[in-house]
1. For the pair Glu403 and Thr441, how long in nm is the line joining their label points, each one 7 Å along Cα→Cβ?
2. If each of Asp166 and Asp270 carries a label point 7 Å out from its Cα toward its Cβ, how far apart are those two points in nm?
3. Which lysines, if any, have their Cα less than 21 Å from the Cα of Lys351, not counting same-chain residues under 8 positions apart?
4. Cut-off under 23 Å on the C-alpha distance; same-chain residues fewer than 8 positions from Lys146 excluded. Which lysines are left, in chain and number order?
5. Working out 0.36 nm times the residue gap between Asn182 and Thr233, then minus their Cα-Cα distance, what length gain in nm do you get to one decimal?
6. Work out how far the C-alpha atoms of region 344-420 reach from end to end along every principal axis, then list the three figures in whole Å, largest first.
7. Can you give me the long-range amide H partners of Ala271? Hydrogens built in the peptide plane at 1.01 Å from N, cutoff under 5 Å, separation of 5 or more residues or another chain.
8. Note down the net charge around Leu181, summing +1 for each Lys or Arg and -1 for each Asp or Glu among other residues with Cβ under 13 Å from its Cβ.
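Coordinate-derived values only; no laboratory data. Quick caveat, the model's predicted, so the values are computed rather than measured. Every residue, glycine as well, gets a Cβ built from its backbone with ideal geometry; the counts of neighbours run over all protein chains shown.
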Amino acid sequence: MTRAADIVRLLSRRRTRRLFREFHPAGEANRAGAAETFPPLVTHDPVRVLEPAFGVPSRSSGSTRRAVLRLCLGAVAAVGVSVSTVGCDGGDRGEKEDGSPLPWRRGIGGGSMSSPTVAGGVVYILSSEDDTEVLYALDAVTGTEKWTYTTATSAFFVGSFTTVADGAVYFGSRVGALHALNAATGTRNWIFDTSDWSHPAAGGWPFHSPAVADGTVYFSSENGVLRAMNAVTGTEKWSARMRGTTFDYRPAVVGGVVYVNWGEIFHAFDAATGAEKWAVVAASTVREDHDFISTSPVVVGGTVHFGTAGGVLRALDAATGREKWAFTTGDFVRSSPAVVGGVVYFGSRDKNVYALDAATGTKKWTFTAGDSVHASPAVAGGLVYIGSDEGKVYALDTATGTERWAFTTCGGRVESSLDVAHGLLYFGCADGHVYAVNAATGAGPAPPPAPSSAPAPSFAPGGSPGAR
């Protein structure tokens, strides 16, 4: 069955192609005032390095650009294989026992497509509730709520997750805004409106997380604009137009370079000026293929790694954009890779988790889950942690792919990235909960007590009550 997120992408893709023709310098041959055009975008495999883009990044002053605080948004209120299952009601709270945090589970109102970020003893995670976006700040050890921040505008889908740096938390809103909050209190520092057209939802959705480096926030949006913002004031330093059709992902900033995609085109920009260093066609440009770059990039050891909707994981030279290797899976790759110890770990819609040699792209091992694997993995303590659409989280041996343990949720898909801290593994779930389970054993929170008039429900793996 086609996933809701992919339907959104396909609809947005058709809409943005139409808009692309209206504002892209290469959109129409007879567009008035277009002295130069970009090179044609053609299918090429392996990736084709494009000629440098024409023009220069735009700069702005605080008085001429779209103003910070334009949106009236925001309301703040201050080891053997084992399978663990939990109940769905309420939210069990963990407490310290002999200095060790206990697993916990907390309901956050709506199903979360977002991923948790753990920083400074706090878990930050977004949820979609009652047509709004809600950011939760939860105590990482106990799961108790510290504060929440609610946007005042409607949102039907939450895809961003938070970035925490220098005492601030940043996230993108589906209605066209980048939010910066005080990480300790949830009070708003600033908001930047990213809408480029008359209706915010048709403009620049910062769908994925921003990156923060050296006092600058970098983020891309679905109108094809990459921006660099002063992290303290929210004023724009520079903006650059990307090439491609649609769909942006979280940029990576490494060594003074911003790596980011827009649709089928992958770019590298100078982090200080926004000047394009290189750009390559990294996915099919045949319209019927519906192919595009479908993960955030990971840059390690001079290599950029990312996946595509066509089921390919690519490795490019970070300095030139030239392809080093490509590995083809059986389906869509939406799992952003983790690169640790010379190994690339990622999942695929073909239900497999892969471990590849980072230097050559050769396969070291695979593990087959019970359903598609869209979650991005976390690697710690000799284990790779990853979730699946069957409602399970797996802990696999990094060397062999052998399952160490599996944890079963209340039945919702686990598309969330995972984070490890305080001896706990944190993740969001489509069942409307945030989970913190024991990272070493997979032990989860105890099921809530059953009503006195009825026995406690049993949950079989996969999350259906009583299923076998």
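1. It works out to 2.0 nm between the two label points.
2. 2.1
3. Hits, sequence-local ones excluded: Lys363, Lys364, Lys392.
4. Output for Lys146: Lys96.
5. Length gained, Asn182 through Thr233: 17.1 nm.
6. 38, 26, 19
7. Distant-sequence amide H within range of Ala271: Val257, Val258.
8. Every neighbour counted, the sum reads 0.
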